1. Could you give the dipole magnitude of the chain about its Cα centre, charging the beta-carbon of Lys and Arg +1 and that of Asp and Glu -1, in debye to the nearest 20?
2. For Asp69 and Gln123 in one chain, what is 0.36 nm times their gap in residues minus the Cα-Cα distance, to one decimal in nm?
3. Roll a 1.4 angstrom probe over the protein heavy atoms and tell me the percent of accessible area of region 185-309 that is carbon or sulfur.
4. Order 264-270, 219-225 from most to least packed using the mean count of other Cβ atoms within 10 Å.
5. What are the residues whose amide H is under 5 Å from the amide H of Leu269, where those residues sit 5 or more places off or on another chain and H is modelled from the backbone?
6. Would you kindly derive the ³J(HN,Hα) couplings of region 227-238 from the backbone phi angles with the Karplus curve 6.51 cos²θ - 1.76 cosθ + 1.60 (θ = phi - 60°), listing them in order in whole Hz, with x for Gly and Pro?
7. Which value results when the Cα radius of gyration for the chain is divided by 2.2 N^0.38 Å?
8. Search the structure for amide H atoms under 5 Å from the amide H of Gly177, placed 1.01 Å from N in the peptide plane, and list their residues when 5 or more places away or on another chain.
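The values are calculated or read from the model by the stated rules, or taken from the named source; none is laboratory data. Since the model is a prediction, treat every value here as computed from it, not as a measurement. Note: ideal-geometry Cβ built from the backbone for every residue, glycine included; neighbour counts use all protein chains shown. With ligands, DNA and RNA removed, areas are computed over all heavy atoms of the protein, side chains included. Shrake-Rupley method; radii C 1.70, N 1.55, O 1.52, S 1.80 Å.
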Amino acid sequence: MNETELNGAVLNNVGAPARPPAHGAPLGRALMREQFADFRVDEVMTVTPEGEGEHLWLEIEKTDWNTEDVALWLARQAGIHRLSVGYSGLKDRRAITRQWFSLHLPGKPDPDLDCPPGVRLLQARRHRRKLNRGTHRANAFQLCLRQVQADPAALAERLALIARLGVPNYFGEQRFGRDDSNWQRGLAWLSGEGEAPRKRTLRGLWLSAVRSGLFNAVLAERVRGGCWDRLLDGDLLQPDGSRGLFAAADEPDAETRLSAGEVHPTGPLPGAGGMASSGACQVLEQTVLAPWAAVIEGLAGQGVDAARRATRLPVSGLDWDSRDDTLHLSFHLPAGAFATTVLAELLETRGPERRSRERL
C-alpha cells in the first residue's frame, strides 16, 4: 500500500490492523461482562504511600465509571486543577476495578469526599510524590464468562498452553475506540487528510491508537511467520518485568533466556528516534511499516518518541474453573497488557455493550 492508497483507505474508514491468533482459532463462544462483577481488575502496586507529603493517594473501587471521569470528579471535589490529579493506568468502565489516584494538595487538608454511586473510597494515605502513569507494574484479573459454548477438555488444553507459552502482546480493541474511531481519526489527522483533535485528551487517545495499531501490524506479521515468541536476527530484547532494551546479538545466551521467559522479543512503537533493530527483524518491520511512512512522520512531528514493546505477553498465575456453561478465570498481566488479548486466544466473546467482532 503506497501513500496515496493509504490516504484513500483512511478516508474510507479502514479498520485497525487484524490480530491473528497464535494458538489457533477460538474454541467457541461466550458472553462477557453480562454483569459488572464478571470483570474485576485490581492494580498491583510496587509503591506504598509513606503517610506524609503534599500528595494524597486514594485507592478507589469504581463500577461503571471510566478512569478519566473519576479523575475529573476528584478534581472538582478537592477544588484543584484536573492536572493535579494523577493515576497510574486506565481501567475498563464496564467492570469493577480498584485503582489508585493522587491529589496534589500543598498546604491543604484532606478533602471530604462525598462519593457518588459507583465510586467507593477504600483507603487514603499521604505521599511525597504524584502518582504518575505506569507506576503500577501489573493488574490482577478475575473474569466470569457465561453461556460458554465450547468443549471443556479443549478449553483446558488451550488454557494450559497459554499458561505455558503466553500470547501475542497485542493492544486490545479498547485502545482504538468504538468502531476503531480513534484509530481512523488519528490516521486521517497525521496523514494530513483530516481535522486535528480539538481537545488535549483526544490528541493523546488518537496518537496512542495509531502507535498501537502500527505495533499490532508488525506483531501480526510475526505471528503469521511463527516468530512472535522466537528470536529473529537483529532483534531487540526486553527483560521480563523491565522497560530496558538490549540487542540480542550482544547476549550469547539470548536463545536460552528467551526460551526460559527471562527476556522477550520486541516490536516498534513508531515515533522519532529510538533504538533500532537490525538484520531480518529490521527488514520485517520496515516492510510492514513502509505504507505508513507519512503517518509515522506525523507522529514524529507531534513530538512522539519511538519506543519498543514486548511481542510476547506472559500470563502468570492463570487459574480456571469450568462448570456447566460458565468459565471463571484469574490471572496477572503486566501493566499495559489487555485481558481481552488473552481471551481472543480462547473464545470469541460478545458483550451487552457491543457486537461480537469477527477475528480474521
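1. 920 debye
2. The Asp69-Gln123 span can extend by a further 17.5 nm.
3. Within region 185-309, the accessible surface is 48 percent carbon and sulfur.
4. 264-270, 219-225
5. Counting only residues 5 or more places away or on other chains, the set is Ala307, Arg308, Arg309.
6. 10, 5, 10, 10, 7, 10, 4, x, 5, 9, 10, 10
7. Details: Rg = 21.1 Å, N = 360, 2.2 N^0.38 = 20.6 Å.
The reported ratio for this selection is 1.02.
8. Those qualifying (amide H under 5 Å, at least 5 residues apart or on another chain) are Asn182.
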